[in-house]
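The values are calculated or read from the model by the stated rules, or taken from the named source; none is laboratory data. The model shown is predicted, which means the values in this text are computed figures rather than measured ones. When we count neighbours, we look across all protein chains shown, and the Cβ atoms used for this are built from the backbone with ideal geometry, even at glycine.
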């Protein structure tokens, strides 16, 4: 779509004003937070930014299209691009587009009646759906956009454009992780925009022939250019520093100082900005053997290596360097630039994944052991195969309910009252449950769930819940002894048939004695009762 005049777009919009939808009808930004959250892919994101930094150094004039191509790839979008505010401030134009909207490069939208203008007006990222319903001229930009995510970018605090990604059908839906990534690329876009302006300024300076009359202005421009370059590099979120051909430090940005935990010394520090370096196996890495030193000596980029930086305070941080040689316009080697990518989040994610695998193995082995015990005791105490099957299935269901509660709590723990009321729910009118709030850890919650199931089952078969008029009273409290906090649990049945102590020890008795710190079972004729004791761990909340 070519960039039509502002007047023609406004006239077309007014002629169809009856069908124009209000802005809120096409905004759906809240969906970003509502959709399932994805884990960040920092490795792909950082490599893309490293490639963009390299492209910015190699060919500033093509960085805008390179950025659009990168957005399309990283976001797996159908179209992606950049919108810039025209000098007169009345319209936006599209200098670079990648994907299905590629033929529309050079087009644009009015400043006061279009999605980019809405983003600048609200000074915030926005997610649109079917924007042609409000801006009819966008129906000419085919294929139509099912969703469009736009993020503003700024130069010296002033919004100058947007970066955007488009989905042309419902297969691709943007979420909060897309927003975080696009905001990060918007910061790079700001830096790249300033670098491009600087490149054009410098190219203009090289072309000028007015030596005498322009000398003073040219000097001032160069000074401003150097300042702009420094501001550009300081605006980047990645740690960046440069050295001369001998490896002496010539520049570092704020991110590099923060990463190193120290203020590097220009002209004194060699090869690196960090205090100390280590290889990934923990052995010391001398500065003159670090990747930047190798890149300077051998005059070649170094990629796909990792190292560990130690700050003066002793903290360590894994990182990936991207040292790259620099050459002047005549091809002479003048030094190198290095970007350091913090790998702390990625390493933490890998460690968490290993921990989860080990935890899953432990829980699986523990669960299998419990099932084997239940099966063995159910078969050994039952008088028939059908009876054993019914008992075994009931106990498995109790175990499944315990695991479902733990899963709902992300395996943090389960409230004791929740376990008891769930097992006694069919007999709620005939039960009394009271006690303070306490959250049992995963293993304790599982064991207590099985214990309560056995008590309820026994009451239903032989005790107070086996006849009308019987009732069960459950209470608990927290006491302290020399070893810590102890859960004191009391179960009492009344109104059932006369009780006598069983002639043999059943599975329930065995379970109570094996998983609890103390268990006292009483069988007075008026009703069974028991007192259980459980020493609480420091992680269990009481």
Exercise for the section: For residues that are touching a strand residue (DSSP E or B) at 6+ places or on another chain (Cβ under 6 Å), touching a residue at least 24 places away in the same chain (Cβ under 8 Å) and more than 16 Å from residue 46 (Cβ to Cβ), scanning just the stretch 310-332, find the one that is surrounded by the fewest Cβ atoms within 10 Å (Cβ to Cβ). Expected result: 316
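Just to be sure, is residue 149 in the same structural domain as residue 35 (by TED's automatic domain parsing), touching a helix residue (DSSP H, G or I) at 6+ places or on another chain (Cβ under 8 Å), part of a helix (DSSP H, G or I) and surrounded by 17 or more Cβ atoms within 10 Å (Cβ to Cβ)? Quick ask: steps written out before the conclusion?
Values: in the same structural domain as residue 35 (by TED's automatic domain parsing): yes; touching a helix residue (DSSP H, G or I) at 6+ places or on another chain (Cβ under 8 Å): yes; part of a helix (DSSP H, G or I): no; surrounded by 17 or more Cβ atoms within 10 Å (Cβ to Cβ): yes.
In short, no.
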Handout entry: Residue in the stretch 524-542 that is surrounded by the most Cβ atoms within 10 Å (Cβ to Cβ), counting only those that are modelled with pLDDT under 90 and assigned to a loop (DSSP other than H, G, I, E, B)
Key = 536
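Restricting attention to the stretch 83-93, and to residues there that are more than 14 Å from residue 189 (Cα to Cα) and in contact with a strand residue (DSSP E or B) (Cβ under 9 Å, 6 or more places away or on another chain), which single residue is surrounded by the most Cβ atoms within 10 Å (Cβ to Cβ)?
So in the stretch 83-93, the residues more than 14 Å from residue 189 (Cα to Cα) come out as 86-93.
The next check asks that each one be in contact with a strand residue (DSSP E or B) (Cβ under 9 Å, 6 or more places away or on another chain); those that pass are 86, 90-93.
On the way: 86: 14, 90: 11, 91: 23, 92: 26, 93: 17.
Across the stretch 83-93, the extreme among qualifying residues is 92.
Does residue 487 satisfy being touching a residue at least 12 places away in the same chain (Cβ under 8 Å) and part of a helix (DSSP H, G or I)? Before you say what the answer is, go through the steps one by one.
Details: touching a residue at least 12 places away in the same chain (Cβ under 8 Å): yes; part of a helix (DSSP H, G or I): no.
When the stated conditions are applied, residue 487 does not pass them.
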Handout entry: Some residue of the stretch 338-354 being in a helix (DSSP H, G or I), at pLDDT below 90 and under 30 Å from residue 451 (Cβ atoms)
Key = no
Handout entry: Filtered residues of the stretch 422-437 (kept if surrounded by 15 or more Cβ atoms within 10 Å (Cβ to Cβ) and either in contact with a strand residue (DSSP E or B) (Cβ under 9 Å, 6 or more places away or on another chain) or outside the structural domain of residue 473 (by TED's automatic domain parsing) (or both))
Key = 424, 427, 430, 431, 433, 435
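Are there helices (runs of 4 or more DSSP H) fully within the stretch 22-84 with at least 1 residues that are over 26 Å from residue 347 (Cα atoms) and within 19 Å of the chain's Cα centre (by Cα)? List them.
Details: elements: 23-26, 31-34, 42-58, 63-75.
Filter on the stretch 22-84 gives 31-34.
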Handout entry: strands (runs of 3 or more DSSP E) contained entirely in the stretch 231-286, each with at least 1 residues that are in contact (Cβ under 8 Å) with a residue 60 or more places away in the chain, farther than 22 Å from residue 183 by Cβ and in contact with a strand residue (DSSP E or B) (Cβ under 6 Å, 6 or more places away or on another chain)
Key = 239-244, 249-252
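Kindly check whether there is at least one residue in the stretch 493-507 that is in the same structural domain as residue 434 (by TED's automatic domain parsing), at pLDDT below 85 and in contact with a helix residue (DSSP H, G or I) (Cβ under 7 Å, 6 or more places away or on another chain). Walk me through it before giving the result.
First, pick out the residues of the stretch 493-507 that are in the same structural domain as residue 434 (by TED's automatic domain parsing): 493-507.
Okay, now just the ones that are also at pLDDT below 85, so 503-507.
Still in the list and also in contact with a helix residue (DSSP H, G or I) (Cβ under 7 Å, 6 or more places away or on another chain): 506-507.
Yes, the stretch 493-507 has at least one match.
Filter the stretch 504-523 down to residues that are in a loop (DSSP other than H, G, I, E, B) and more than 16 Å from residue 456 (Cβ to Cβ) and give me whichever is nearest to the chain's Cα centre (by Cα).
As a first pass, look at the stretch 504-523 and keep what is in a loop (DSSP other than H, G, I, E, B): 504-506, 516-517, 523.
Adding the requirement that they be more than 16 Å from residue 456 (Cβ to Cβ) leaves 504-505, 516-517, 523.
Values: 504: 56, 505: 52, 516: 40, 517: 41, 523: 56 Å.
The qualifying residue nearest to the chain's Cα centre (by Cα) is 516.
Just the residues that are assigned to a strand (DSSP E or B) and over 14 Å from residue 420 (Cα atoms), please, taken from the stretch 445-476.
Keep residues of the stretch 445-476 that are assigned to a strand (DSSP E or B), which gives 471-476.
Answer for the stretch 445-476, where residues must be assigned to a strand (DSSP E or B) and over 14 Å from residue 420 (Cα atoms): just 471.
Against the condition in contact (Cβ under 8 Å) with a residue 12 or more places away in the chain, touching a helix residue (DSSP H, G or I) at 6+ places or on another chain (Cβ under 6 Å), surrounded by 19 or more Cβ atoms within 10 Å (Cβ to Cβ) and within 23 Å of residue 533 (Cα to Cα), how does residue 476 come out, does it pass? If you could, list the steps in order and put the result at the bottom.
Working: in contact (Cβ under 8 Å) with a residue 12 or more places away in the chain: yes; touching a helix residue (DSSP H, G or I) at 6+ places or on another chain (Cβ under 6 Å): no; surrounded by 19 or more Cβ atoms within 10 Å (Cβ to Cβ): yes; within 23 Å of residue 533 (Cα to Cα): yes.
So residue 476 does not fit the description; no.
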Practice task
Give the number of residues within the stretch 290-300 that are surrounded by 14 or more Cβ atoms within 10 Å (Cβ to Cβ) and in contact with a strand residue (DSSP E or B) (Cβ under 9 Å, 6 or more places away or on another chain).
Solution key: 6
Exercise for the section: Of all residues in the stretch 157-172, count the ones that are touching a residue at least 60 places away in the same chain (Cβ under 8 Å), surrounded by fewer than 17 Cβ atoms within 10 Å (Cβ to Cβ) and either outside any strand (DSSP E or B) or not assigned by TED's automatic domain parsing to the domain that holds residue 92 (or both). Expected result: 2
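Any idea which residue in the stretch 105-146 is surrounded by the most Cβ atoms within 10 Å (Cβ to Cβ), counting only those that are assigned to a helix (DSSP H, G or I) and out of contact with any helix residue (DSSP H, G or I) (no Cβ under 9 Å at 6 or more places or on another chain)? Don't jump to the end; show me each part of the working.
In the first step, residues of the stretch 105-146 are kept if they are assigned to a helix (DSSP H, G or I); the result is 115-122, 131-133, 136-140.
Subset that is out of contact with any helix residue (DSSP H, G or I) (no Cβ under 9 Å at 6 or more places or on another chain): 116-117, 119-122.
On the way: 116: 25, 117: 19, 119: 22, 120: 20, 121: 13, 122: 13.
The extreme case among them is 116.
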